[in-house]
Amino acid sequence: MTNLTVTVAIPTKNRYFSTLPLVLMGVINQEHSPQKLILFDDGEHRDLREVPLYQYLFGLLDIKNIKWEVIYGNRIGQVALHQLAIEMATTDLIWRLDDDTVPESDVLKVLIKHFADPKMAAVGSSVVDPKFYHIRPSFVQNKIEDLPGLGLNAQWFIDNGKPYEVDHLFSTFLYRKEAAKHGYNLALSPAGFREETLFTYEMKYNGWKLKVDPTVMTWHLKNPEGGLREFKVSEAWTHDNNIYLNAIQKFGVVPKEFKFIVLDNGLGDHLAFKLILPEIREKFKEHNIIMFVCYPDVFEDCGMPLYSIADALAINVNLSDYNIYKWMWDNSWVTSLVDAYRGLYV
């Protein structure tokens, strides 16, 4: 597999002295060195060759025999720069890294091995925020139909399992240039919300394979300044999400809807809730019902997958929103607990 050549592509915007140097050191320290690194500067267009810190970093790239180049972008956002990376790269593979994603030293060495399969289009590592360090719940699988309703990516979590196939990838991954002929959706905003989802799913749609390899880790250091956070994110996300929903509809994808149930309370509360579970299942029969419970034995005869409260916390569920006693207080409830559950969920 060492015969496959790799270009690293890093779009960046005004993170010269925060996370970008850490990303470059992550590339420099790879056990399997890429052939080239292209830094796409969409920010202030500084001459980094004159900056002492970058003189050291570029010197280390030279020592590692990694060719490097800085390209000034037109300040129209990361999607255009990712497209330019495809057009410029002359290697077999392209490793796209965001300017706040720091790969551990074995990431490229492990990911490149998957391309022994000629149908492999792209492989991503875990991409974990150190402040959001949770085990992946089993229902988070990067199915394209799940994303609109669930809003979660499998790569966000730690996972002690084996590599697994997915429908789309997030943020940073290694991909085969040959599988990227369709390119990126350039109608997206400069923020590029869901750009990597559309890009990788189209690979899958065209008959290629995608994988997540959770045995290797890239750390996502979500710097509050620079990058897409310099755009009006809420407006950009609404614009891009509409493009995304229209695109997957054209691909024939029917988004799934989800209904969360959270029982972070006692055994008696679980038994009371069980009395209305048939009503909930009937009303939300077109939804995927996901139950987070403390006493799974209560529901063992219901034929439903059950998850722990720890899984709810892992996906940032606000437990207070599902606190039945808070709901009863807020609504001046005076009748039964069973009816209160009916009011909260049905």
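Couple of notes before you dig in:
- Scope segment 193-219; condition over 30 Å from E31 (Cβ atoms) and not aliphatic (A, V, I, L, M); matching residues: F193, R194, Y201, E202, Y205, N206, G207
- Filtered residues of segment 46-75 (kept if on the phi > 0 side of the Ramachandran plot and modelled with pLDDT of 95 or more): N65
- Between N318, N288, the distinction of being in contact with a strand residue (DSSP E or B) (Cβ under 8 Å, 6 or more places away or on another chain) and of a type in the set (S, T, N, Q) belongs to N288 only.
- W327 being surrounded by 11 or more Cβ atoms within 10 Å (Cβ to Cβ) and either among the hydroxyl-bearing types (S, T, Y) or in a loop (DSSP other than H, G, I, E, B) (or both): no
- Residue pairs meeting the criteria (Cβ under 6 Å; at least 6 apart or on separate chains; first more than 24 Å from A154 (Cβ to Cβ), in segment 315-332; second at pLDDT 95 or above and part of a helix (DSSP H, G or I)): I324/A340; W327/L344; M328/A340
- The single condition from (1) surrounded by 14 or more Cβ atoms within 10 Å (Cβ to Cβ); (2) at pLDDT below 95; (3) not acidic (D, E) that G151 fails is (1).
- Pick from segment 202-246, criterion hydroxyl-bearing (S, T, Y) and out of contact with any helix residue (DSSP H, G or I) (no Cβ under 7 Å at 6 or more places or on another chain), ranking: modelled with the highest pLDDT: Y205
- Unmet criterion (only one of (1) more than 11 Å from the chain's Cα centre (by Cα); (2) modelled with pLDDT under 95) for R194: (1)
- Meets criteria (of a type in the set (K, R) and without any contact (Cβ under 8 Å) to a residue 12 or more places away in the chain) for K256: no
- Taking the criterion of being closer than 11 Å to F170 by Cβ and either hydroxyl-bearing (S, T, Y) or not assigned by TED's automatic domain parsing to the domain that holds E178 (or both), the residues of segment 191-208 that qualify are T197, T200.
- If you go through segment 44-97 and keep only what is surrounded by 14 or more Cβ atoms within 10 Å (Cβ to Cβ), part of a helix (DSSP H, G or I) and of a type in the set (A, V, I, L, M, F, W, C), you end up with L48, L57, F58, L60, L61, V79, A80, L81, L84, A85, I86, M88.
- Looking across segment 129-145, just one residue is aromatic (F, W, Y) and closer than 22 Å to L198 by Cα, and that is F139.
The values are calculated or read from the model by the stated rules, or taken from the named source; none is laboratory data. All figures in this text were calculated on a predicted structure; none of them were measured in a lab. Note that each Cβ is placed from the backbone with ideal geometry, even for glycine, and that neighbours are counted across all protein chains shown.
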